[in-house]
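Notes to accompany the following structure.
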Amino acid sequence: MPSNVGLTPETAAAVPSDQYATYERGGQVVFVSWISYVAYVWGIKAAALSFFARLCAGLPREMSAVRYVALFTGMSYLASILTQVLGCLPVHHSWQVFPFPGEQCTTRILNFYIIGVLDPL
């Protein structure tokens, strides 16, 4: 399924108008895939933190560390989701083909930086 990811102004102009809907559907799938990826990875982090919280029950100093890590993890999840959703406004430009919405809406380099930094933490 083609999408608007990687299109340039020239290649977007070359897309036939009868294929706009297919490209837009592909762009929507990519948009949802990014959100799903973030939710999946941070869900695994939450499960690990839950395990550590149960493991550290009754150990106040260790439990405090788990709480701080959980707070940071929650804030990094929020930052990742907000980067995805608010990185291209209005949101429907994230899957728009024509007129070309710009590199920030098609390539989404900021997602790679934010998730690349916050994912391993």
Given (1) closer than 16 Å to ALA46 by Cα; (2) loosely packed, with under 15 Cβ neighbours inside 10 Å, number of the condition SER76 does not satisfy: (2)
Identify the residue in the stretch 62-73 that is closer than 30 Å to ILE109 by Cα and touching a residue at least 12 places away in the same chain (Cβ under 8 Å) and, among all such residues, is surrounded by the fewest Cβ atoms within 10 Å (Cβ to Cβ). PHE72
Just to be sure before I move on: is ARG108 among the basic types (Lys, Arg) and at pLDDT below 95 in the structure I sent? yes
Filter the stretch 1-22 down to the residues that are hydrophobic (A, V, I, L, M, F, W, C) and loosely packed, with under 14 Cβ neighbours inside 10 Å and list them by number. MET1, ALA13, ALA14, ALA21
Go through (1) touching a residue at least 40 places away in the same chain (Cβ under 8 Å); (2) surrounded by 13 or more Cβ atoms within 10 Å (Cβ to Cβ); (3) more than 14 Å from the chain's Cα centre (by Cα) one by one and return the number of the condition ALA46 breaks. (1)
Filtering the stretch 85-121 for residues that are within 30 Å of TYR68 (Cβ to Cβ), in a helix (DSSP H, G or I) and not small (Gly, Ala, Ser) leaves a count of 10
Members of the stretch 49-61 found to be assigned to a helix (DSSP H, G or I) and surrounded by 14 or more Cβ atoms within 10 Å (Cβ to Cβ), listed by number: LEU49, PHE52, ALA53
If a residue must be among the β-branched types (Val, Ile, Thr), over 16 Å from PRO101 (Cβ atoms) and without any contact (Cβ under 8 Å) to a residue 24 or more places away in the chain, how many such residues does the stretch 9-37 contain? 2
Residues of the stretch 1-46 being hydrophobic (A, V, I, L, M, F, W, C), under 18 Å from THR83 (Cβ atoms) and part of a helix (DSSP H, G or I), in sequence order, are VAL30, PHE31, VAL32, TRP34, ILE35, VAL38, ALA39, VAL41, TRP42
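The values are calculated or read from the model by the stated rules, or taken from the named source; none is laboratory data. The structure presented is a predicted model; accordingly, all values stated were derived computationally and were not measured. Neighbour counts are summed over all protein chains in view; Cβ atoms, including those assigned to glycine, are modelled from backbone coordinates with ideal geometry.
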